[in-house]
1. Would you mention how many residues in region 1-48 are surrounded by fewer than 10 Cβ atoms within 10 Å (Cβ to Cβ) and touching a residue at least 24 places away in the same chain (Cβ under 8 Å)?
2. Condition test on Thr150, is it over 26 Å from Leu57 (Cβ atoms) and assigned by TED's automatic domain parsing to the domain that holds Glu52?
3. Cβ-Cβ distance below 6 Å, separation of 6 or more or different chains: which pairs start in region 63-77 with a residue that is over 20 Å from Thr88 (Cα atoms) and end on one that is of a type in the set (Val, Ile, Thr)?
4. Go through region 106-138 and report how many residues are out of contact with any helix residue (DSSP H, G or I) (no Cβ under 6 Å at 6 or more places or on another chain), at pLDDT 90 or above and of a type in the set (S, T, N, Q).
5. Please enumerate the residues belonging to region 49-65 that are farther than 19 Å from Ile145 by Cβ and either surrounded by fewer than 19 Cβ atoms within 10 Å (Cβ to Cβ) or among the basic types (Lys, Arg) (or both).
6. With the requirement that a residue be touching a residue at least 24 places away in the same chain (Cβ under 8 Å), over 17 Å from His41 (Cα atoms) and assigned to a loop (DSSP other than H, G, I, E, B), what does region 86-144 give you?
Amino acid sequence: DIGFRELEAYESDIRKRAREVIDQLERENRIGIVVLARPYHHDPGLNHEILEEFQKLGYPVFTQSTLPLDEDLLERLFGDEVRAGAITSPLDIQDVWKNSYSASTNHKVWAAKFTARHPNLVALELSSFKCGHDAPIYTTIESIIERSGTPYFSFKDIDENKPTGSIRIRVETIHYFLKRYAEHMNRPEAREEIEEQIAEYEKKLREQLLREDQFAELAARQQEEIDTKRFLPLVAQSTAERAAERAGAA
């Protein structure tokens, strides 16, 4: 019982802090990222420090299980749907997902609904294992987010990826998009313009990465040639060759 009370107190503190940060985002017209993932994806060793990279770039990161549950906020986000009878309560997910067999899956679906209804939040989905628990809801999550016009990003099957240039490009591209998105949040017609800018920016990043790879490959080849020349074996002259040289010198 003591352990459960401590856990409840801890989660309450986190939710309180999450509400404070969301209120700050609203005042400053900034963007926060809601991570839609399994609990183990918060381990930097498993998520390749993707979340830390976004935090370094200045984005608050929220977890799906500790979003604020304040009544006034839930009323603002879900009140119209409750009164219309679309859902029975702000925490209801039966309108989008009826197979409630997993608590973590339910949290993920509800967090997607929360994110889709808040203008200062965007969704970042992390998943592992192609045949994992979340495979059935990939389409559901993406649909919930994108129907509202909320930006949605994903790193799927991250257990098979290494923290190389491809992940760096994704993080930098998302950061570039979010900067443009924050500038044009009140201009829906600017979305096509933003997408064109992102495509051009990602192209430049890939060209830069290609140049870096080519330079590294060239440097490695040059070093290999130097090492090869340094350790070439000396070929001894034959007795006849030495005699011929002495005769020529005489």
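1. 0
2. no
3. Short answer, once both residue conditions are applied: Thr63/Val35; Thr66/Ile14.
4. Qualifying residue count for the region: 2.
5. Selection gives Glu49, Glu52, Gln55, Lys56, Leu57, Gly58.
6. The answer is Val96, Trp97, Asn99, His118, Pro119, Asn120.
The values are calculated or read from the model by the stated rules, or taken from the named source; none is laboratory data. Fair warning: this is a prediction, and the values are worked out from it, not measured in the lab. No Cβ is skipped: glycine too gets one built from the backbone with ideal geometry, and neighbour counts run over all protein chains shown.
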